[in-house]
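The values are calculated or read from the model by the stated rules, or taken from the named source; none is laboratory data. Note that the structure is predicted; figures quoted are calculated from it, not measured. Using ideal geometry, Cβ is built from the backbone for each residue, glycine included, and neighbour counts are taken over all protein chains shown. Calculation scope for accessible area: heavy atoms of the full protein, side chains included, ligands and nucleic acids excluded. Shrake-Rupley method; radii C 1.70, N 1.55, O 1.52, S 1.80 Å.
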Amino acid sequence: DITERKQAELEKTRVGKELQNFIDTANAPIFGIDALGLVNEWNNMSAQITGFTRDEVMGQDLVQVYITEEFRASVKEVLDNALRGKEEANFEFPLFTKDQNRVEVLLNATTRRDVVGKVVGMIGVGQDITERKQ
């Protein structure tokens, strides 16, 4: 029945918008990259702690642009592992801020998959631990 299918599509859209709102307004930095390492998710808290807006970071190479040089290799390894399905919890993740300071994020890197299970990216959910590290 077309009406049921239309209702299901509307419900899927509603749930998708609701989940995006949860990500955007979460009290934790949440960001994502696609399979090439380019930023495709950047919530309000990520913007708040780094000073970079969502528009500024979208499509940028997360590791090359926002990670201090001394940590690029280790961060890239964690992200590459997540892109291969090997997730990481409680990884310390140093990010550059817009004013060239550094924030420390305790990160859980989770693999993102499409509906058929193919890896399409990684989502990171973090906690700003900068003050704890000082």
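Among the residues of the range 87-100, those that are open to solvent by 20 Å² or more (accessible area, probe 1.4 Å) and touching a helix residue (DSSP H, G or I) at 6+ places or on another chain (Cβ under 9 Å) comprise 87, 88, 91, 92, 96, 98.
Which of the residues that make up the range 35-57 are in contact with a Phe, Trp or Tyr (Cβ under 6 Å, 6 or more places away or on another chain) and either of a type in the set (Asp, Glu) or open to solvent by 60 Å² or more (accessible area, probe 1.4 Å) (or both)?
Those that are in contact with a Phe, Trp or Tyr (Cβ under 6 Å, 6 or more places away or on another chain) and either of a type in the set (Asp, Glu) or open to solvent by 60 Å² or more (accessible area, probe 1.4 Å) (or both): 41, 54.
Taken as a whole, the structure leaves residue 76 outside the set of residues that are out of contact with any helix residue (DSSP H, G or I) (no Cβ under 7 Å at 6 or more places or on another chain) and charged (D, E, K, R).
Quick one: is residue 26 at pLDDT below 95, among the small types (Gly, Ala, Ser), open to solvent by less than 100 Å² (accessible area, probe 1.4 Å) and at negative phi? Even if it seems obvious, please write down each step before you answer.
Details: at pLDDT below 95: yes; among the small types (Gly, Ala, Ser): yes; open to solvent by less than 100 Å² (accessible area, probe 1.4 Å): yes; at negative phi: yes.
When the stated conditions are applied, residue 26 passes them.
Among the residues of the range 101-111, count how many are touching a Leu at 6+ places or on another chain (Cβ under 9 Å) and crowded, with 16+ Cβ neighbours inside 10 Å. Within the range 101-111, residues that are touching a Leu at 6+ places or on another chain (Cβ under 9 Å) and crowded, with 16+ Cβ neighbours inside 10 Å number 5. Selection of the range 124-134 for residues being surrounded by fewer than 18 Cβ atoms within 10 Å (Cβ to Cβ) and within 17 Å of residue 43 (Cα to Cα) yields only 127.
Within the range 9-46, the set of residues being more than 21 Å from residue 76 (Cα to Cα), aliphatic (A, V, I, L, M) and under 13 Å from the mean Cα position of the chain (by Cα) comprises 23, 26, 28, 45. Could you tell me whether any residue of the range 58-78 is under 15 Å from residue 125 (Cβ atoms), within 14 Å of the chain's Cα centre (by Cα) and surrounded by fewer than 16 Cβ atoms within 10 Å (Cβ to Cβ)? No; the residues of the range 58-78 include none that is under 15 Å from residue 125 (Cβ atoms), within 14 Å of the chain's Cα centre (by Cα) and surrounded by fewer than 16 Cβ atoms within 10 Å (Cβ to Cβ). From the list 13, 25, the one residue that fits, being touching a residue at least 12 places away in the same chain (Cβ under 8 Å), under 27 Å from residue 115 (Cα atoms), out of contact with any strand residue (DSSP E or B) (no Cβ under 7 Å at 6 or more places or on another chain) and of a type in the set (S, T, N, Q), is 25. Would the range 29-41 turn up any residue that is touching a residue at least 60 places away in the same chain (Cβ under 8 Å) and farther than 11 Å from residue 122 by Cβ? Yes: the range 29-41 contains one or more residues that are touching a residue at least 60 places away in the same chain (Cβ under 8 Å) and farther than 11 Å from residue 122 by Cβ. Count of the range 6-20 residues, restricted to those that are of a type in the set (D, E, K, R), open to solvent by less than 100 Å² (accessible area, probe 1.4 Å) and within 23 Å of residue 43 (Cα to Cα), is 1.
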